[in-house]
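What follows is one structure encoded as structure tokens, with my remarks underneath.
The values are calculated or read from the model by the stated rules, or taken from the named source; none is laboratory data. Worth saying up front: this structure is predicted, and the values here are computed from it rather than measured. Because the Cβ atoms are built from the backbone with ideal geometry, glycine has one as well, and the counts that use them run over all protein chains shown. Surface accessibility is based on the protein's heavy atoms, side chains included, excluding ligands, DNA and RNA. Shrake-Rupley method; radii C 1.70, N 1.55, O 1.52, S 1.80 Å.
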Amino acid sequence: MSDPLESGAADTFISHLVELRDRLVKASIGIAIACAALFAWPGPSAIYDFLAKPMIASLPVGAKMIATGVISPFLVPMKVTLLVAFMLALPWVLYQVWAFIAPGLYSHEKKLVAPLVISSSLLFLCGVAFCYFFVFGRVFKFINEFAPTSITVAPDIENYLDFIMSMCLAFGMTFEVPIVVVVLVRMGLVTVDKLKEIRPYVIVGAFVVAAIVTPPDIVSQFSLALPMWFLFELGLLVAPVFVKATQAPDQVAD
């Protein structure tokens, strides 16, 4: 005869897998809907043209980007559309993650997860927007002005896409610094006072990270390092308030 405990554990595991599958399907449907809407309007070509504006603005008048691959003019705008669709659907995707883990959390832990899901998606989108509207124009202008006059600057659209994706990802992830600070403090892994003590090392680390993930120019490096420092300070301010708001009732009583 099978052990009822083992049978119950197996049923619970299977139910979790089914729930995970359903959440993944719902997240994928959300991305597909966003992608279909973007294909309908404004369309992949218009989305790529918008993404290419910072580079085009820094090139000589009349200059354009080039496509060296046979299917690049078709494939690259499709990739951009999928990327934008994922970003638009990111709150819905993160909500599915939260809905999957929420049943196993206490009420005070749910107070921790929901704000983190919302704030992390907003911070990621803010990082991408900051990179596009503030950083790209200055970086491309600096690079093209630095180029020798004997060189004709004609960026390839695939290389440009790889560059902007890596830059947007870098800025989106680094804008999550306040979330990292809050989670570390909330989990008791480190205190706010300890983080304040190591502030000089954090600042140096911000510039080291910026030097690694950005092009080798001072504009882009400062554009990433300074926001990281500011967001670290923001995390130090928010963490004590957040920890107090998400404490268990018995911890508050103590």
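With contacts defined as alpha carbon pairs under 8 Å and 6 or more residues apart, what's the relative contact order of the stretch 148-254 in percent?
35
Against the chain, whose longest principal axis comes from its Cα atoms, helix 218-245 is set at around 20 degrees.
Its Kirkwood hydrodynamic radius, worked out from the mean inverse distance over all distinct Cα pairs, puts the stretch 1-148 at 19.1 Å. Of the listed residues Val213, Val192, the order by accessible area with a 1.4 Å probe, largest first, is Val213, Val192.
Per residue, how large is the accessible surface of the stretch 125-254? Use a 1.4 angstrom probe and give square angstrom. Before the final figure, lay out the partial values.
Working: 7300 Å² over 130 residues.
With all protein chains present, the stretch 125-254 gives 56 Å² per residue.
On the chain, 73 percent of the accessible area sits on carbon and sulfur atoms, based on a 1.4 Å probe.
The Rg/Rh ratio for the stretch 135-254 is 1.16, where Rg is the radius of gyration of the alpha carbons and Rh is the Kirkwood radius. Rounded to the nearest 10 degrees, the angle from helix 90-101 to the longest Cα principal axis of the chain is 20 degrees. Adding -39500 (n - 2.57) for every DSSP H run of four residues or longer, then dividing by how many residues the chain holds, sets the calculated 222 nm ellipticity at -26000 deg cm²/dmol.
How far is helix 72-88 tilted off the main Cα axis of the chain, in degrees rounded to 10, range 0 to 90? Its long axis makes an angle of about 40 degrees.
Using R₀ = 45 Å, calculate the FRET efficiency as 1/(1 + (r/R₀)^6) where r is the Cβ-Cβ separation of Phe207 and Phe13; round to 0.05.
On the way: r = 46 Å, r/R0 = 1.03.
Between Phe207 and Phe13 the formula returns 0.45.
Shape descriptor for the chain: Rg over Rh equals 1.07 (Cα atoms; Rh from the Kirkwood inverse mean 1/r).
Model label points for Ser45 and Asn159, set 7 angstrom from Cα along the Cα-to-Cβ axis, are 2.5 nm apart. With the gyration tensor restricted to C-alpha atoms of the stretch 78-150, the semi-axes of the equivalent ellipsoid amount to 39, 14, 7 Å, longest first. Accessible surface of Ile71, taken over heavy atoms with a 1.4 Å probe and every protein chain present, rounds to 100 Å². Look at the alpha carbon pairs under 8 Å that are at least 6 residues apart: their mean separation over the length of the stretch 175-236 gives a relative contact order of 52 percent. Solvent exposure of Arg199, expressed as accessible area, is near 70 Å², computed with a probe of 1.4 Å over the protein chains only. Our note on the geometry: Cα centres of the stretch 146-215 and the stretch 48-102, 20 Å apart.
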